[in-house]
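These notes concern the structure reproduced below.
The values are calculated or read from the model by the stated rules, or taken from the named source; none is laboratory data. Just so we're clear, the structure is a prediction, and the values are computed from it rather than from any experiment. Cβ placement follows ideal geometry from the backbone for every residue including glycine, while neighbour counts extend to all protein chains displayed.
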Ligand code: C2E
Ligand code: MG
Ligand code: MG
Ligand code: MG
């Protein structure tokens with residue numbers, strides 16, 4: 001298409017593509033290095049019960065601080081890791097670290113870990129979950145795995161089988177960033193999810209009184225209720241947003257209003273010391 005508009009356009013953007021590919025390659029090399037040199041770490045963001053304000057869980061979020069480039073956002077490095085087939089080892093490291101940390105928390109508190117579609121194309125992932133649970137001593141029902149709709153897009157039956165096996169282990173499954181991908185209600189009948197996470201874009205929209213966002217949250221909550229699933233509103237930053245999503249019936253909330261992603265020691269400090277267990 002660019003070509004038909006004349007050679008000038010073609011020439012102007014090709015070097016840019018080249019630079020992007022080069023940046024990606026550099027990031028990939030640096031990321032391989034980071035994995036070996038322990039430059040990755042995990043932060044924990046509280047998930048709160050809307051009605052009571054009680055912390056019911058945390059979401060584990062990967063962080064990468066490069067010695068020269070500084071902090072690199074997961075929005076940037078996760079896609080690189082996915083493409084470079086590094087998300088497997090990185091994701092399993094996050095999973096082990098997160099389960100180990102969560103095993104110290106009071107028993108009902110859960111840990112949610114993000115899982116890329118790419119990870120679900122490897123049957124060995126189930127074994128990685130089994131061993132992360134065994135190593136940490138964490139009960140399966142306290143682990144929540146977050147997947148996005150992208151898992152279903154190329155609907156390979158392998159991924160669906162793995163989700164079933166994970167359910168069989170007793171872990172919880174959440175559908176992350178709901179409404180931002182290629183949403184199809186059919187996904188909800190193919191796999192049983194425990195929680196639907198409503199994307200921050202709808203929370204923002206609804207608090208600005210955008211009729212569509214309000215209607216979408218309302219519909220998702222109704223649907224989740226009737227299918228026996230919980231809902232979590234993501235990215236709640238203000239009192240107004242909290243009041244709004246609570247009023248719409250979201251059971252759980254997560255966002256800067258309650259806490260930013262924080263180091264493990266700060267997460268543990270939210271519980272009375274006598275409720276913490278010794279490290280496994
Ligand atoms: P996500 O799973 O939807 O995670 C929520 C993101 O929203 C996090 O960004 C979190 O810091 C941000 N957030 C939380 N509360 C607020 C708020 O009140 N306001 C705003 N504006 N943002 C809020 P983060 O940590 O940058 O992660 C971005 C995405 O990277 C995650 O989205 C997830 O898809 C991916 N990711 C992070 N860690 C991992 C991982 O270990 N494995 C995989 N596969 N993906 C990961
Ligand atoms: Mg998530
Ligand atoms: Mg999310
Ligand atoms: Mg997100």
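Residues of region 183-222 being touching a helix residue (DSSP H, G or I) at 6+ places or on another chain (Cβ under 7 Å), within 16 Å of ligand 1 (Cβ to nearest atom) and over 16 Å from residue 242 (Cα atoms), which ones?
Once the filter is applied, which keeps residues that are touching a helix residue (DSSP H, G or I) at 6+ places or on another chain (Cβ under 7 Å), within 16 Å of ligand 1 (Cβ to nearest atom) and over 16 Å from residue 242 (Cα atoms), region 183-222 yields only 196.
Residue by residue, here is whether (1) at pLDDT 95 or above; (2) over 20 Å from residue 261 (Cα atoms); (3) surrounded by fewer than 22 Cβ atoms within 10 Å (Cβ to Cβ); (4) out of contact with any helix residue (DSSP H, G or I) (no Cβ under 8 Å at 6 or more places or on another chain) holds:
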site: 67; (1), (2), (3), (4): no, yes, yes, yes
site: 88; (1), (2), (3), (4): yes, yes, yes, no
site: 104; (1), (2), (3), (4): yes, no, yes, no
site: 107; (1), (2), (3), (4): no, yes, yes, no
site: 118; (1), (2), (3), (4): no, yes, yes, no
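Take the residues of region 120-151 that are part of a helix (DSSP H, G or I) and within 16 Å of ligand 3 (Cβ to nearest atom): which is nearest to residue 75 (Cα to Cα)?
Step by step, filter region 120-151, then rank; the result is 150.
Going through 253, 221 one at a time, which residue ends up being at pLDDT 95 or above, more than 16 Å from ligand 3 (Cβ to nearest atom) and within 24 Å of residue 141 (Cα to Cα)?
None of the other options fit; the residue is 221.
Being within 13 Å of ligand 4 (Cβ to nearest atom) and either at positive phi or assigned to a loop (DSSP other than H, G, I, E, B) (or both) is the filter here, so list the residues in region 57-80 that pass it.
73
Which numbered condition in (1) within 30 Å of residue 245 (Cα to Cα); (2) out of contact with any helix residue (DSSP H, G or I) (no Cβ under 8 Å at 6 or more places or on another chain) is the only one that residue 62 fails?
Only one criterion in (1) within 30 Å of residue 245 (Cα to Cα); (2) out of contact with any helix residue (DSSP H, G or I) (no Cβ under 8 Å at 6 or more places or on another chain) is unmet by residue 62, namely (2).
For region 93-107, how many residues are within 14 Å of the chain's Cα centre (by Cα) and over 15 Å from residue 64 (Cα atoms)?
2
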